[in-house]
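Single-structure report; data block below.
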């Protein structure tokens, strides 16, 4: 078996994928999966690598040109540097293409297959898990107990402790997305810097207020199709000190939350899913309504819109606010069209 245990993932990333030249990263925690892909690519390439050595391809693009993946994986950098090929939506990749890749086993360039959650019966997942030359990383939302342990460990690194009551309260406010939850814990640690103990009041000051703050408002109005409401909501965010890039990060996490809820709705398990998401109570009704409006396919398009905006904002920091506002307008227009 080449499935990497959760406790070994960070060590594998630090080693740049270790002995694996092909890795499959999949799972329902899309935010964590994206972080794993990015961290692995950066570890493989190194800090000073040329951006041209990182190649991102869509499965549909490769399906239309079956020879391209083989060409890219066997290509050699002009200066002999390492290269990484990232295949997005790899679960949609043609069987003939990924079979040819797995038969090579050790391509000249490292390949990261990035997929959504793949069922145990999925052919690509089965083939990768049974191939010792392929590393498989599954990204699942943390259970409440695991989330509490992760938060405790993060706070202990800053010499902060949590009482059982405070720990329970913290977990209630954190979401199911691991990467976003740990960002919230980092903010809490910064807020409590110089203290020995994190109290419930500290958690409320950082997380409860943040959950109900203006930061979530432009996201909610966009996903509700309230086009005119986006600009004033964004202006309130900026006045309150929330950057446009932070709103965009929260919006990406919101898409992932809605994706899980929509999928649960199709299985008549929405109530249970809402509880598992540990949504902030002041937003629960709004998010429920959004889950009733959006579909998995339309959320996929929203994710692409927001991801593209994130890349554009990083490349053009001076235009960040405009780029984010336009992305939210696109989301609102999709919501107005019915998002089905």
With the condition being in contact (Cβ under 8 Å) with a residue 40 or more places away in the chain, I'd like the helices (runs of 4 or more DSSP H) fully within the stretch 225-340 carrying at least 3 qualifying residues.
227-239, 244-266, 284-293, 296-315, 320-336
For the stretch 114-122, check the following and say yes or no: at least one residue is part of a helix (DSSP H, G or I), surrounded by fewer than 19 Cβ atoms within 10 Å (Cβ to Cβ) and either at pLDDT below 90 or out of contact with any helix residue (DSSP H, G or I) (no Cβ under 8 Å at 6 or more places or on another chain) (or both).
no
Total residues in the stretch 88-105, condition in a loop (DSSP other than H, G, I, E, B), touching a strand residue (DSSP E or B) at 6+ places or on another chain (Cβ under 8 Å) and surrounded by fewer than 22 Cβ atoms within 10 Å (Cβ to Cβ):
2
Total residues in the stretch 30-52, condition touching a helix residue (DSSP H, G or I) at 6+ places or on another chain (Cβ under 6 Å) and either in contact (Cβ under 8 Å) with a residue 40 or more places away in the chain or part of a loop (DSSP other than H, G, I, E, B) (or both):
5
Check 253, 229 and return the single one that is surrounded by fewer than 22 Cβ atoms within 10 Å (Cβ to Cβ) and under 18 Å from the mean Cα position of the chain (by Cα).
253
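Results for (1) touching a strand residue (DSSP E or B) at 6+ places or on another chain (Cβ under 9 Å); (2) loosely packed, with under 15 Cβ neighbours inside 10 Å; (3) over 27 Å from residue 261 (Cα atoms), shown as yes or no for each residue.
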{"site": "17", "(1), (2), (3)": "yes, no, yes"}
{"site": "22", "(1), (2), (3)": "yes, no, yes"}
{"site": "26", "(1), (2), (3)": "yes, no, no"}
{"site": "30", "(1), (2), (3)": "no, no, no"}
{"site": "41", "(1), (2), (3)": "yes, no, yes"}
{"site": "46", "(1), (2), (3)": "no, yes, yes"}
{"site": "53", "(1), (2), (3)": "yes, no, yes"}
{"site": "67", "(1), (2), (3)": "no, yes, yes"}
{"site": "70", "(1), (2), (3)": "no, no, yes"}
Does residue 157 satisfy the condition of being at pLDDT below 90 and either farther than 20 Å from residue 261 by Cα or out of contact with any strand residue (DSSP E or B) (no Cβ under 8 Å at 6 or more places or on another chain) (or both)?
yes
Criterion first (over 17 Å from residue 22 (Cβ atoms) and either assigned by TED's automatic domain parsing to the domain that holds residue 171 or touching a residue at least 60 places away in the same chain (Cβ under 8 Å) (or both)) does residue 116 satisfy it?
yes
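The values are calculated or read from the model by the stated rules, or taken from the named source; none is laboratory data. The model shown is predicted, which means the values in this text are computed figures rather than measured ones. Neighbour counts are summed over all protein chains in view; Cβ atoms, including those assigned to glycine, are modelled from backbone coordinates with ideal geometry.
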